[in-house]
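Each reported figure results from applying straightforward, stated rules to the coordinates on display, with no laboratory input. Computed from a prediction, not measured in an experiment: that's the story for all the values here. Every residue, glycine among them, receives a Cβ derived from its backbone with ideal geometry; neighbour counts consider all protein chains shown.
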Amino acid sequence: MGQSLFDQAYGEIFPFWKEIPEVDRALICRASVALTYPKGTNIHSGNECSGVIFLRAGSLRLYMMSEEGKDITLYRLHPGDMCMLSASCVLQAITFEVFVDAEETSECYVIGGPAFAEVSARNPQIKIFALETAVSRFSDVMWVMQQILFMSMDRRLAIFLLDESARTHSNTISLTHEQIARYMGSAREVVSRMLKYFANEGIVQVSRKDIELLDKKRLQKLGLG
């Protein structure tokens, strides 16, 4: 991908793009690469500085890992989303380990962390944008923590199914029980047991490949607690 194409793309992505000097725009473009990550690829591990990732197609999962190997999903990224937690050299307050996996084959623009940090140091509006992006994601993380710590499993599952339905604009959830458990920070057996309960109540219909939402009003009532 040529520099001019990156320049055009970033003009649509970044609100600050036309406000920074041309030399800084050129530096960011030169430090950018277009990469495709196959499904299942780990693209960021720990607190290394992999760079700023902009997702064009596919799906990424950000998670933390315990010493025992148990992971908890912090949030997922979809086309149009930006990942700043993979750039610890840009946001130096990021001192914890975050992992990023490609849940689907994913097309990304990756801006080298050192170049982005250098340009940010000269242009405060970029640092403000990076911080605002990170803070919005920390709100997602706090919502995950709130659910895990304070909500019952039936309520958490109802919220997850409704959110996924809204995101995909479909009443069919094409995820395995294992995937749902990973996203929710739970065990597959617990998710399967709760889905069986929902199915017995006529709220969902469960098959090998997907979950059909039959009674969204009941799910909404469960989600409200």
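Observations on the model:
- Spin-label pair Arg208/Ala187, simplified geometry with 7 Å Cα→Cβ offset, distance in nm: 2.6 nm
- Calculated on the Cα set of the chain, radius of gyration then Dmax: 19.6, 63 Å.
- The value of relative contact order for the chain, using C-alpha pairs under 8 Å at least six residues apart, is 19 percent.
- Helical content alone sets the calculated 222 nm signal of the chain at -14500 deg cm²/dmol, taking -39,500 (n - 2.57) per DSSP H segment of four or more residues and averaging over every residue.
- The dipole here belongs to the chain: it is taken about the Cα centre, uses +1 on the Cβ of Lys and Arg and -1 on the Cβ of Asp and Glu, and is about 620 debye.
- Over all Cα atoms in the stretch 15-117, the spread is summed up by Rg and Dmax: 14.1, 48 Å.
- Axial C-alpha extent at least 30 Å, average Kyte-Doolittle at least 0.0 - helices from the chain (DSSP): 124-150
- Candidate lysines - alpha carbon under 26 Å from Lys196, same-chain residues fewer than 8 apart omitted: Lys70, Lys209, Lys216, Lys217, Lys221
- When the stretch 1-117 is described by a simple charge dipole with +1 on each Lys and Arg Cβ and -1 on each Asp and Glu Cβ, the residue from His44, Ser88, Pro15 located farthest towards its positive end is Pro15.
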